[in-house]
Amino acid sequence: MTVVRSVSLFVVAALFEIGGAWMMWQGVREHKGWAWIGAGVVALGLYGAVATLQSDDHFGRVLAAYGGIFVAGSIAWGMIADGYRPDRWDVTGTLVCLAGMAVIMYAPRGR
């Protein structure tokens with residue numbers, strides 16, 4: 001699997017997971033109702049399905065690496081959906097997470 005395809009799958013998974021959690025938040029915390037909650041549940045299920053499409057056979061590695069994408073995606077989602085403005089420490093932490101994701105997922109392992 002190419003790195004581009006793998007990263008694309010991580011990004012799609014992040015959209016479903018972060019979007020699903022956000023929809024649940026809207027349904028419960030913002031009192032938007034059961035339709036939002038149900039859509040969130042569906043999106044979270046789709047996240048789980050997309051995560052299985054990674055070519056690496058190690059669940060722990062894939063989910064650990066995905067964590068870096070989740071951090072970056074969460075910051076981006078907050079900026080877009082809620083007007084959140086990250087400070088330099090948010091940005092630094094995000095870059096550290098993305099570097100960790102790259103090492104975990106794409107380091108040469110002598111296969």
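Readers should treat all values here as calculations from the given coordinates under stated rules, not as data from a laboratory. Since we're looking at a predicted model, the values are computed, not measured. Glycine gets a Cβ as well: all are built from the backbone with ideal geometry, and neighbour counts include every protein chain shown.
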**Q.** Cα-based equivalent ellipsoid, the chain: semi-axes from gyration tensor eigenvalues, Å
**A.** 27, 19, 9
Q: Go ahead and estimate [θ] at 222 nm for the chain from helices alone: -39,500 (n - 2.57) per DSSP H run with n ≥ 4, summed, over the residue count, rounded to 500.
A: -27500 deg cm²/dmol
Q. Roughly speaking, what is the centre-to-centre gap between segment 97-111 and segment 50-78 when only Cα atoms are used, to the nearest Å?
A. 12 Å
Q: With a cut-off of at most 12 other beta carbons within 10 Å, and DSSP calling the residue loop, which trypsin sites (Lys or Arg not before Pro) in segment 1-57 qualify? Please list them.
A: R29
Q. When Lys and Arg each count +1 and Asp and Glu each count -1, what net charge do the other residues less than 12 Å away from W36, Cβ to Cβ, add up to?
A. +1
Q. Among V42, V62, M79, whose Cα lies farthest out toward the positive end of the dipole of the chain, if unit charges sit on the beta carbon of Lys, Arg (+1) and Asp, Glu (-1)?
A. V62
Q. Using a simple spin-label model with points 7 Å from Cα along the Cα→Cβ vector, what separation in nm is obtained for H58 and A107?
A. 0.9 nm
Q. Once label points are set 7 Å from the Cα along Cα→Cβ at both V42 and V91, what is their separation, rounded to one decimal in nm?
A. 3.8 nm
**Q.** Magnitude of the charge dipole, the chain, Cβ model with Lys/Arg +1 and Asp/Glu -1, debye to 20
**A.** 180 debye
(Q) 7 Å from Cα along Cα→Cβ at both V3 and L15: what's the point-to-point distance in nm? (A) 2.2 nm
